[in-house]
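What follows is a single structure, written as structure tokens, with notes after it.
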Amino acid sequence: MTSTFDPLLPRPIDLPTSVPLDPGADLTGLDDAKILAAPQDPAAWPAWRERLHAWRADARRRHQYTDETYRRPGGAWAARCSTVAQVWLWDELLYSFEDGRFTPERFLADARDRFGGLDAVVLWHAYPVIGIDERNQWDFYRDVPGIERLVADLHAAGLHVFVDYNPWDTGTRRGEDDLTELAALVADLPADGVFLDTLRKAEPELVTRLERARPGIVLEGESKLAVERIVDHASSWAQYFADSPVPGVLRAHWYERRHMQHHVRRWHRDHSAELQSAWINGVGIMVWEVVFGVWVGWSPRDAATLRRMTAVQRAAGDLLLEGAWTPLAALAQRAHDAGVFASTFERDGITLWTLINRGQADYTGTVVDQVAGRLVDLDSGAEVHAADAVTVAARGIGALVQLAPGVPEPRWLAALRTSFPPQEADAAFPHRIAHRLAPDAPAPARPTDLPADIVLVPAGPYVLTVRYRARETGMYQGAPYVDEWKPLPPRLHDARTLQRDGVLDRPVAVAATEVTNAQFAAFLERTGYRPANQHRYLAHWVDGRPPAGRPDEPVTYVDLADARACCASLGGRLPTEDEWQLAGQTGRLRRGSPMVWDWTESEHSDGRTRFVMLKGGGDHRADGSDWYFDGGPQEADFSAKLLLPGLGLARSAGIGFRCCWTVGSAG
């Protein structure tokens, strides 16, 4: 049996839609397009453009389109929001685990250096951690100390802020209905927009409630926004949009020029296709380098391309928004043969030529055969003649500015002529390696000093089979999907295994039971321990003591630092995930009640994401969606990767710990 499914190829739903060129053809099918495909033959391009205009006029008439949403003063910014970054709240550029504070200045400096700056950020908050306990998506925003200050700092830096809405979150703690919760959140932060996760469009009642709560709020639907809802969604993330061999036109942006789209293919390492489509359509890009904890960083070439786009989009935004747009403007035959294409945007005698080179080799030669007036090549900053050679880098972009006879040079052009960022050639993927972050290990314990209730793991080599559920978090290194179009089951959320091997230099004694509330209270009395950040610390205790009747339950609402301190006070440490599994596979580890996940000494960082492996599973299970964290009791060979939040949010009702000791000699 063979399968025709190839995850490296776009799905049928991602493919561009052909445009009927027959003047009498029915064009209503174009309503459902992601990209309106362009014909191969340049001779057909004028007819194609005519059909695009005809479809737009007809579709607007059929859907009784009005542009009221785009005329709201508070939401006008969205039309110029070209570069948006989707960022995990605890991305180590945005948050310092060492200092315990948000670092927007560091995050924004990196964005300025590599991408030319950002126009907005999406503060991603809950997935893939949500489901570890009862906390709902609103809790993962509202329980973050200082998040209002973070939003204020981003606003002060000139950025707009999106929050994320997960409509699939139905299996956690219930508060008010989603409409009420989301409306209150955007008003309180305050947020400028809402990213609709897994949702192409918001229902009209949600649109109304959000607009009432935050006038001018911008809704950004995922993927293909229905044409009839462009009327009330000012933006959409153009995820997994495949283009035609000759670059086509983004349907939603063609329908309404002020509708901003952000191209993104989250697992791709080469972003040149998205960048070129965005450049030639006059739309934006989503920068998403840490995809739910997985590093999918941008190459120097693609980052430089975005810097170049950003420079022009900010300088000549009026042209891109209001200029007469001609897709597939006529170029010299030699340029066309080399894979060079262009759009033009003309207003008041000034024409911006957005050039792309889809070829694998730099193109140097004539781009346009003849033009009226003056022509400026932004790469050289020089005035050129129509027949002069212009270079457009392989898989890159270029820009020409044409000034009609008698039209003076605009002020923004003078600045661009001297500061247009250069193209870079390095398209290599910038790999990152996750390193284990472990505190100094205590000295081995004498056998006579060990607790009585332990499981002894002998020294020597070991090989483990680890089971896990495939999630977008991946596991230890690398990405779970590389250059794949949208992974769906069975490529997503299926059961998988990995092998781990190693050597224990000495025997290890793992506590047979988790540390209880009573034992943790004794630790506090013995040491006077107080965490640096006490948010959510022992949140279930009453007046600093374990709740009545629950002294023998596993202590929870403790983070890695709390657990490490407790074990260190006993001369021990946390077991690594391998040690936990080796002990667990003896069948002699006992689970507390209620059953909770165990922290392990497995903290990792690749410089952008902190994560840890949890073992054991717990009684809690969030039902209703596969996007939730793993729940329920698990066998000893099962591991779950938890992205570490900061500021105390790692403390959970669903996570406890047990200690272990490296066993020394009797003397």
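The values are calculated or read from the model by the stated rules, or taken from the named source; none is laboratory data. Keep in mind that what you see is a predicted model, and the values were worked out from it rather than measured. Reconstructed Cβ throughout: ideal geometry from the backbone, glycine too, with neighbour counts over all protein chains shown. Ligands, DNA and RNA are excluded from the accessible area calculation, which covers all protein heavy atoms including side chains. Shrake-Rupley method; radii C 1.70, N 1.55, O 1.52, S 1.80 Å.
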query = If you check Ser236 against the conditions, is it open to solvent by less than 10 Å² (accessible area, probe 1.4 Å), within 29 Å of Glu68 (Cβ to Cβ) and touching an Asp or Glu at 6+ places or on another chain (Cβ under 7 Å)?
reply = yes
ask   = Taking the range 494-543 only, how many residues are buried (at least 16 other Cβ atoms within 10 Å of the Cβ) and at positive phi?
value = 2
ask   = So, of the residues in the range 324-334 that are touching a residue at least 24 places away in the same chain (Cβ under 8 Å) and in a strand (DSSP E or B), which turns out to be least open to solvent (accessible area, probe 1.4 Å)?
value = Trp325
key: Residue check, Pro547 open to solvent by 30 Å² or more (accessible area, probe 1.4 Å) and modelled with pLDDT of 95 or more   = no
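Residue-wise test of (1) among the hydrophobic types (A, V, I, L, M, F, W, C); (2) over 21 Å from Trp90 (Cβ atoms); (3) surrounded by 23 or more Cβ atoms within 10 Å (Cβ to Cβ).
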| site | (1), (2), (3) |
| --- | --- |
| Gly616 | no, yes, yes |
| Arg621 | no, yes, no |
| Gly631 | no, yes, no |
| Ala636 | yes, yes, no |
| Leu642 | yes, no, yes |
| Ser652 | no, no, yes |
| Ile655 | yes, no, yes |
| Ser665 | no, yes, no |
message = I'd like to verify a number: residues in the range 374-401 that are surrounded by 14 or more Cβ atoms within 10 Å (Cβ to Cβ), more than 24 Å from Leu306 (Cβ to Cβ) and not charged (D, E, K, R), how many?
response = 3
ask   = When only residues in the range 347-356 that are buried (at least 24 other Cβ atoms within 10 Å of the Cβ) and not hydrophobic (A, V, I, L, M, F, W, C) count, which is nearest to Val390 (Cα to Cα)?
value = Thr354
request  = Among what's in the range 594-614 and is touching a helix residue (DSSP H, G or I) at 6+ places or on another chain (Cβ under 7 Å) and among the charged types (D, E, K, R), pick the residue that is most open to solvent (accessible area, probe 1.4 Å).
outcome  = Glu603
task = Of the numbered conditions (1) in a loop (DSSP other than H, G, I, E, B); (2) open to solvent by 40 Å² or more (accessible area, probe 1.4 Å), Trp412 fails exactly one; give the number of that condition.
result = (1)
request  = Quickly run through the range 484-506 and pick out the residues that are farther than 28 Å from His271 by Cα and either outside any strand (DSSP E or B) or not aliphatic (A, V, I, L, M) (or both).
outcome  = Arg496, Thr497, Gln499, Arg500, Asp501, Gly502, Asp505, Arg506
query = Any residue in the range 73-88 that is over 30 Å from His160 (Cα atoms), in contact (Cβ under 8 Å) with a residue 40 or more places away in the chain and assigned to a helix (DSSP H, G or I)?
reply = no
remark   = Cβ pairs under 6 Å, 6+ apart or interchain, first in the range 456-473 and without any contact (Cβ under 8 Å) to a residue 40 or more places away in the chain, second in a strand (DSSP E or B) and open to solvent by 70 Å² or more (accessible area, probe 1.4 Å), ordered by first then second residue, are Val463/Asp501
note = Residue set Val151, Val144; condition aliphatic (A, V, I, L, M) and either in a loop (DSSP other than H, G, I, E, B) or without any contact (Cβ under 8 Å) to a residue 12 or more places away in the chain (or both); output residue Val144
request  = Please specify each residue of the range 335-357 satisfying the condition of being part of a strand (DSSP E or B), over 18 Å from Asp243 (Cα atoms) and not hydrophobic (A, V, I, L, M, F, W, C).
outcome  = Thr344, Glu346, Arg347, Thr351
key: Candidate set: the range 91-104, residues that are under 17 Å from Ala152 (Cα atoms) and touching a residue at least 12 places away in the same chain (Cβ under 8 Å); chosen: the one most open to solvent (accessible area, probe 1.4 Å)   = Arg101
Asp119 more than 17 Å from Ala252 (Cβ to Cβ) and without any contact (Cβ under 8 Å) to a residue 12 or more places away in the chain = no
task = Scan the range 1-46 for residues that are farther than 17 Å from Ser244 by Cα, open to solvent by less than 40 Å² (accessible area, probe 1.4 Å) and aliphatic (A, V, I, L, M) and report the count.
result = 2
query = Which residue pairs have Cβ atoms closer than 9 Å, lie 6 or more positions apart in sequence or on different chains, and pair a first residue in the range 33-56 that is touching a residue at least 60 places away in the same chain (Cβ under 8 Å) and within 14 Å of Thr326 (Cα to Cα) with a second residue that is in a loop (DSSP other than H, G, I, E, B) and acidic (Asp, Glu)?
reply = Ala38/Asp243
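One line per residue, one yes/no per condition, for (1) among the β-branched types (Val, Ile, Thr); (2) within 22 Å of Arg11 (Cβ to Cβ):
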residue	(1), (2)
Leu450	no, no
Asp453	no, no
Leu464	no, no
Arg467	no, no
Thr473	yes, no
Ala479	no, yes
Glu484	no, yes
Pro489	no, yes
His493	no, yes
inquiry  = Can you confirm whether His155 is open to solvent by 30 Å² or more (accessible area, probe 1.4 Å) and not acidic (Asp, Glu)?
reply    = yes
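Yes/no matrix, rows are residues, columns are (1) surrounded by fewer than 24 Cβ atoms within 10 Å (Cβ to Cβ); (2) among the aliphatic types (A, V, I, L, M):
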position	(1), (2)
Met260	no, yes
Trp267	yes, no
Asp270	yes, no
Gln276	no, no
Asn281	no, no
Thr305	no, no
Thr310	yes, no
Glu322	yes, no
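Suppose we filter Ala33, Ala79 for residues that are at pLDDT 95 or above, under 30 Å from Asp113 (Cα atoms) and not charged (D, E, K, R); which single one remains?
It is Ala79.
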query = Name the residues in the range 188-212 that are touching a Leu at 6+ places or on another chain (Cβ under 8 Å) and either surrounded by fewer than 19 Cβ atoms within 10 Å (Cβ to Cβ) or at pLDDT 95 or above (or both), would you?
reply = Ala191, Gly193, Val194, Leu196, Arg200, Glu205, Leu206, Val207, Arg209, Leu210
remark   = The strands (runs of 3 or more DSSP E) lying wholly within the range 550-667 that contain at least 1 residues that are more than 29 Å from the chain's Cα centre (by Cα) and of a type outside the set (Phe, Trp, Tyr) are 660-662
key: Failed condition for Thr180, given (1) in a helix (DSSP H, G or I); (2) buried (at least 20 other Cβ atoms within 10 Å of the Cβ)   = (2)
